[in-house]
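Scroll down for the structure; my scribbles are underneath it.
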Amino acid sequence: MSRRFFIYIFLIILVVVVLFPFFWMFVTSFKPQGTGLSMTIIPEKPTLENFKLVLTQYKFGRYFFNSFVVSTLGGIFSTLFAVLAAYSFAKRRFFFRNGLFFLFLSAMMVPGMMFMIPQFVIVSRLGWINSYKAMVIPHLANVFGLFLLTQFIRGIPNSLIEASRIDGASEIGVIYRVILPLSMPIVATVFLLSFQFNWNNFLWQLIVTTKESMYTVPVGLAMFRSAHEELYTLRMAASSISIFPIVLLFLFTQRYFIQGLTEGAVKG
Amino acid sequence: MKRVLAVFFLILVLSNGLIAGNISIWVNYNDEEHKVFKEIVEDYEEISGIEVEIQRIPFDGTEQKILTALATRTAPDIARVDYSFVSKLALRGGVCSLDELGVEEIKDQLVPAALSGNIINGKIYGIPDQTNCICLFYNKKLFREAGLDPEKPPTNWDEFVEYGEKLTDLDKEVYGFGMRNTLWWTLPFFYTFGARFIMDGKCVLNSQEGIDALQFKIDLYSRYKIEAGAWKSGAVNPDMGFQNEKYGMVLNGPWRMKPLLNIGIDFGVGMIPEGIAGSVTTVGGTNMVIFRGSENKELAFDFLKFLTSEEIQIKWANDLGQIPVNINSFDDVDLDKHPYLEIFLNQMETAVPRPVVPDYPGIETAVNPQMEASLSGKRSVKETLDVIKLKVDKLLEEEY
Amino acid sequence: MKRLFRDTSISGRENLISFSLILPFLIIFCIFLLYPIIYSLILSFHRVTDLYDVFGGLKLVGGRNYTKLFHDVEFWWAILMTLYYAALSIPIGIVFSFLLAVFLVGRIKGSRIFRTCFFLPFVLDVFVVAIVWTLLYSSPYGIVMKLFELIGLKIPPLLSTPATSMPAIVAAMTLKNAGFGMILFIASINNIPQSLYEAASIDGVSGFAKHRYITIPLIKPVILFLVVTGTIASLSAFAEFYGMTRDGGPMINLKGNIVGITRVTGMYLFREFRSLKLGYAAAISFVLLIISLTISLISFRLLRER
């Protein structure tokens, strides 16, 4: 009894600490402009001005739409490609498998800024500037997700896959009926992370757009910084709005994250 | 009506000997500035018949966007860039020299301290579109509480120390001064003590004047104990400290005026305290460049001439409360509307131009840690400045 | 090498199916990742002299970028500090998120809400987290300082003291990121068949030993994943350091060289890239690549799944 009590106290304190940045971001977005760095936590004169400015002065509606399209497409396709490839890496044998895996991993180890110029040149030659294609396609090879899924799928018992094959399932069928249900928490995580990656990807989305109508949320957010000052309150208001879809997405997909293999739930 | 206008513009254009066309420009102004800039562009379009396509981009990411655009030859004709980016672009063939376009005829009207950062190997590669300098901001409320006259900021460094000691009240966690460590913010100390940063392509910061200046800055923290340690990493920086009324005095620029007025801080602005070489400031600001691949260089330059002309700069100064880049505009700044601007205009008269170096941020990266080490007492001042000289000289010699 | 190619016995059909599953990923990879990497490799032996021609107009400098790099004390220092950061943040992160998972894997009341709360900060912008923690740590006004004062402990300003600046950043980042590791651990613990634990209980194995012999081996893939991605993240970490200690943190005097405690490789690379030393930046990237690859290979060896 008392042990459980202490665990709860401990967890609650941790939650407060862990969520403090969130709380601060949210509270700051109600502070009057210019007081973003004030050290009083609760605003003395709370205001909705920041939200109003963010939502009216900029074309945030448009930015949201663009971001939503890009992140959803990016999330779906990169997760799909990663699941297909991860299954192959985890459960199939093929020529140069380990070598290829390490080649993929190495791409993750090269700092992102080195990709910028050559990727942009390709996209530009293809005539993709100012299109969703330009924002989505170059990031569809999600090595991080591939690695994560491979690690996870490896742990799925081979017997389940064999059973499914004996039932006459094709490889796609095996993935659909065995792999996907069993690795749903990880698939959901990979989707959420690549959604979030695209949602926050500032630099790339900035350089492939030259029209304001194609700007995305992070590009719009960056407008709050000028040469010398950062409009913290505006930025926090915009960040609060911007993080909202991600939090919502997480809450809606929560059950997929939490669900695991409960015995007997799997039928071939 | 439309037709008449069209004919009128045609004549205007022909008489200027220009072929009507369009130019494209990337700017990274803030909201207010962008609004005024758009008005100026509209005026220009009407007068010249040239179409100007404005693309607003965020300040962060400007350099990367330009870099990638150059590689694919999709850069605009003009862009607004930070001072330090001009030399990087110029040294790698990114922008064209404005000498051939006739910068000669306007260069004498431009604030010399702002223009000079654009002169690389004897040629002008950019025109300032905005300039600023730093002054002393002080909190009138804290002045009153310390028994000081809130209308009289310190005029020299001795007074500054005296005021600082009165302002500092450790029980209330209030300090007289909060300062930054970086080179740009330290240059006023060096300049007021009569030190120079670079002369004839060599760093000369390790002169006796330089030593005295840095020693004084260190003393503010460790001997007089009027400085809060705001320069330490992770400390409450001067902006935050001043805004929260914890630091009585800070150095800051005109961009900080409006936010502070908005919050309702009771503060005043004074000149940088005088040292043996008077009251001297550093200069900041941004510049307009024309890219080498532009097909409308003449038109682009014509627009820049318009942008920096006397009348337009008066408008810019009065609408935004900023320092004009055209010297001829100084007398027409509406000081009733922007009373504090007078101090900045006066301070600008004694501004020392920014050092012309191939890579200014690279120099900051090399110098700042050294200065911080001597601020925190890990190395003597003399030794620090000798090392700084060596490092800067090495960077200046580097091939680009 | 032999190990990589030993599978030549695999049938053509098997290869074909395997490769067709990888194909979409592979195509995107080759065009948008492999090609830029090869370009960067070439770039690392050159100097960019004309921004209008970053492909043709390169000046060959041979290995000079690399020799310059190897002679730069600050680069070696940055690597050392990055390894220090990795050595602190990876184990602490893994242990912390594993503990959270152990607490929350069961059906204890409210575990769903707790999981959500711990995971949420992971999706928060590093920028926001950095500002908040800077405020919390700031001396003498920050809450953390006040709390320590309250319990009568006099601590130095955390971010500006050489000994504490790195741990302070690690603490902030661990709290932000632990939720991710927690989710992975929960998912993989849930996938361990309950029958294994039951069988162990029948054999009279105690609670702790159950974890030692069943849980730990079965979550090894997650640990391996966190070690490898943690290493990569450390070597390119930038935003958290830039946000909390702009210029490289407190400086120390290392045999006459002034070096910053938090001047990590990500920071070093960023500065060189911003100076438009593109060839030099490419050379840095390849040295970092080799380091990550080495650490990853060692981790794969050590944590081999059987």
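The values are calculated or read from the model by the stated rules, or taken from the named source; none is laboratory data. The structure displayed is predicted, hence computed values, not measured ones. As a convention, Cβ positions derive from the backbone with ideal geometry for all residues, glycine included, and neighbour counts pool all protein chains shown. For the accessible areas, the whole protein counts, side chains as well, though only heavy atoms, and no ligand, DNA or RNA atoms are used. Shrake-Rupley method; radii C 1.70, N 1.55, O 1.52, S 1.80 Å.
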*Any chance you could check the stretch C:53-90 for residues losing 50 Å² or more of accessible area when the partner protein chains are in, compared with the chain on its own (1.4 Å probe)?*
C:Phe55
*Taking both sides together, what accessible area is buried at the A/C interface, probe 1.4 Å, expressed in Å² and rounded to the nearest 100?*
8700 Å²
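Anything over 20 Å Cα to Cα? Flag those among B:Lys378/C:Lys255; A:Lys211/B:Lys38; B:Lys140/B:Lys166; C:Lys176/C:Lys220; B:Lys38/B:Lys305; B:Lys391/C:Lys255, in the order listed. Before the final figure, lay out each step's value.
Details: B:Lys378/C:Lys255 11 Å; A:Lys211/B:Lys38 16 Å; B:Lys140/B:Lys166 13 Å; C:Lys176/C:Lys220 23 Å; B:Lys38/B:Lys305 16 Å; B:Lys391/C:Lys255 16 Å.
Violating the 20 Å Cα-Cα cut-off are C:Lys176/C:Lys220.
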*With r as the distance between the Cβ atoms of B:Glu349 and B:Glu45 and R0 = 35 Å, compute the FRET efficiency 1/(1 + (r/R0)^6) and round to 0.05.*
0.50
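Got the relative contact order for chain A handy, in percent, Cα pairs under 8 Å and 6 or more residues apart?
Numbers: 280 pairs, mean separation 86.4, N = 268.
It rounds to 32 percent for chain A.
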*Tell me the label-point distance for the pair C:Lys59, B:Glu104, using the 7 Å Cα-to-Cβ offset, in nm and rounded to one decimal.*
3.0 nm
*asked:* Can you show me the helix-derived [θ] at 222 nm for chain A, built from DSSP H runs with n ≥ 4 at -39,500 (n - 2.57) apiece and divided by the number of residues, rounded to the nearest 500.
replied: -21000 deg cm²/dmol
_Apportionment of accessible area to carbon and sulfur, the protein assembly as shown, percent (1.4 Å)_ = 61 percent
*asked:* Give me the inter-chain shielding for A:68-76: mean count of other chain Cβ atoms within 10 Å, whole number please.
replied: 0
*asked:* Just the number please: accessible area per residue for the stretch A:59-222, 1.4 Å probe, all protein chains included, in Å².
replied: 33 Å²
*For the A and B pair, go ahead and give the buried accessible area with a 1.4 Å probe, both sides summed, in Å² to 100.*
2700 Å²
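If you add up the charges near B:Ala195, with Lys and Arg at +1 and Asp and Glu at -1, over every other residue whose beta carbon is less than 9 angstrom from its beta carbon, what do you get? Please report the intermediate quantities before stating the final value.
Details: positive: B:Arg196; negative: B:Glu209, B:Asp212.
For residues surrounding B:Ala195, the net value is -1.
Figure the gain on full extension for C:Lys154 and C:Trp76 (residue separation times 0.36 nm, minus the Cα-Cα span) and round it to one decimal in nm. Show your work: numbers first, answer last.
Values: separation 78, 0.36 × 78 = 28.08 nm, distance 3.39 nm.
Gain on extension, C:Lys154 to C:Trp76, equals 24.7 nm.
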*Evaluate peptide C:248-257: per residue, the Cβ atoms of other protein chains within 10 Å of its Cβ; return the mean as an integer.*
5
*asked:* With every protein chain kept in place and ligands, DNA and RNA left out, what is the accessible area per residue of the stretch C:72-302? Probe 1.4 Å, answer in Å².
replied: 38 Å²
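Does the stretch B:14-133 classify as rounded, prolate or oblate by the C-alpha gyration tensor (a ≥ b ≥ c root eigenvalues; a/c under 1.5 gives rounded; else a/b over b/c gives prolate, otherwise oblate)? The partial results should precede the final answer.
Values: a/c = 1.29, a/b = 1.12, b/c = 1.16.
It is rounded, given that a/c, with a ≥ b ≥ c, falls under 1.5.
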*Going by a ≥ b ≥ c, the root eigenvalues of the Cα gyration tensor, does the stretch C:12-64 fall in the rounded group (a/c under 1.5), the prolate group (a/b larger than b/c) or the oblate group?*
prolate
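From the helices alone, meaning DSSP H stretches of at least four residues, give me the mean residue ellipticity at 222 nm for chain B, per-run term -39500 (n - 2.57), in deg cm²/dmol to the nearest 500.
-13500 deg cm²/dmol
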*Which residues, if any, in the stretch C:212-234 have at least 30 Å² less accessible area in the whole protein complex than in the isolated chain, probe 1.4 Å?*
C:Pro221, C:Phe225, C:Thr229, C:Ile232
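With respect to the cross-link table entries B:Lys258/B:Lys337; B:Lys107/C:Lys277; B:Lys225/B:Lys389; B:Lys394/C:Lys277, which display a Cα-Cα separation exceeding 22 Å?
Beyond 22 Å between Cα atoms: B:Lys107/C:Lys277; B:Lys225/B:Lys389.
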*For A:Phe102 paired with B:Leu390, estimate the spin-label separation in nm (one decimal), with each label point 7 Å from Cα along the Cα-to-Cβ line.*
4.2 nm
*Taking the Cβ-Cβ separation of B:Glu32 and A:Thr40 as r and a Förster radius of 25 Å, what is the calculated FRET efficiency to the nearest 0.05?*
0.40
*Please give the total accessible area that chains B and C bury against each other, computed with a 1.4 Å probe and expressed in Å² to the nearest 100.*
3500 Å²
*Scan chain B and hand back the longest stretch that contains none of the trypsin sites (Lys or Arg not before Pro) lying in DSSP loops with at most 12 other Cβ atoms within 10 Å.*
B:74-222
*So what is the relative contact order of the stretch C:12-64, in percent, for Cα pairs below 8 Å that sit 6 or more residues apart?*
23 percent
*Ignore the peptide's own chain and count Cβ atoms of other chains within 10 Å of each Cβ in C:45-51; give me the average, rounded.*
5
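Where a ≥ b ≥ c are the square roots of the eigenvalues of the C-alpha gyration tensor, would you call chain C rounded, which needs a/c under 1.5, or, failing that, prolate if a/b is larger than b/c, or oblate? Don't jump to the answer; show the numbers that get you there.
Working: a/c = 2.18, a/b = 1.11, b/c = 1.97.
In terms of gyration-tensor shape, oblate.
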